[in-house]
Amino acid sequence: MGGSTSRGRGPIADINVTPLVDVVLVLLIIFMVVTTFDEEQAEMGAIKVQLPGAATAEKLTEEEPFTVAVAANGDFVLKGKPAAPEAVVEAVREAQKATPDLEVVVGADKNSLHERFVALLDLLRTEGVTRFAIQADAPGD
């Protein structure tokens, strides 16, 4: 009475899992799309710079230092955002108004050209910056 018969007479006791599989697959696709979208949105605003490692690298003590770097493609990166040389100069001038003895944290992607790093230092020195800290990754970072 409680089970199914081979001829199709009587109640069906089997559970149909097809709708469950459909729902799970749709949810999986939604999560995959949303996760990819979040990563792309996060990367759109900031340029990642792969810093070279240094055994003597130390953590910065300042909460929000003035940082300028050279990306792998040679573009300047001001506080994590792409910037033209003129924008870097303007930002340095503004920062020097608040802090005349400004220390700039400079860095360069390990795949960037040394020439672009020298150009960045030259640009900063032209604006009167004489105090630099060079960015590097500490072992294990």
If you take the residues of region 85-112 that are in a helix (DSSP H, G or I) and hydrophobic (A, V, I, L, M, F, W, C), which of them is nearest to Val129 (Cα to Cα)?
-> Val92
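Each row is one residue, and each column tells you yes or no for (1) surrounded by 10 or more Cβ atoms within 10 Å (Cβ to Cβ); (2) at pLDDT 75 or above; (3) under 14 Å from the mean Cα position of the chain (by Cα); (4) closer than 21 Å to Lys81 by Cα.
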residue: Ser4; (1), (2), (3), (4): yes, no, no, no
residue: Arg9; (1), (2), (3), (4): no, no, no, no
residue: Ile12; (1), (2), (3), (4): yes, no, no, no
residue: Thr18; (1), (2), (3), (4): no, yes, no, no
residue: Asp22; (1), (2), (3), (4): yes, yes, no, no
residue: Leu25; (1), (2), (3), (4): yes, yes, no, no
residue: Ile30; (1), (2), (3), (4): yes, yes, no, no
residue: Ala46; (1), (2), (3), (4): yes, no, yes, yes
Among the residues of region 83-118, how many are surrounded by 14 or more Cβ atoms within 10 Å (Cβ to Cβ) and touching a helix residue (DSSP H, G or I) at 6+ places or on another chain (Cβ under 8 Å)?
-> 8
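The values are calculated or read from the model by the stated rules, or taken from the named source; none is laboratory data. Here the structure is a predicted model, which means the values were calculated and not measured. Quick reminder, even Gly has a Cβ in these numbers, built from the backbone with ideal geometry, and neighbours come from all protein chains shown.
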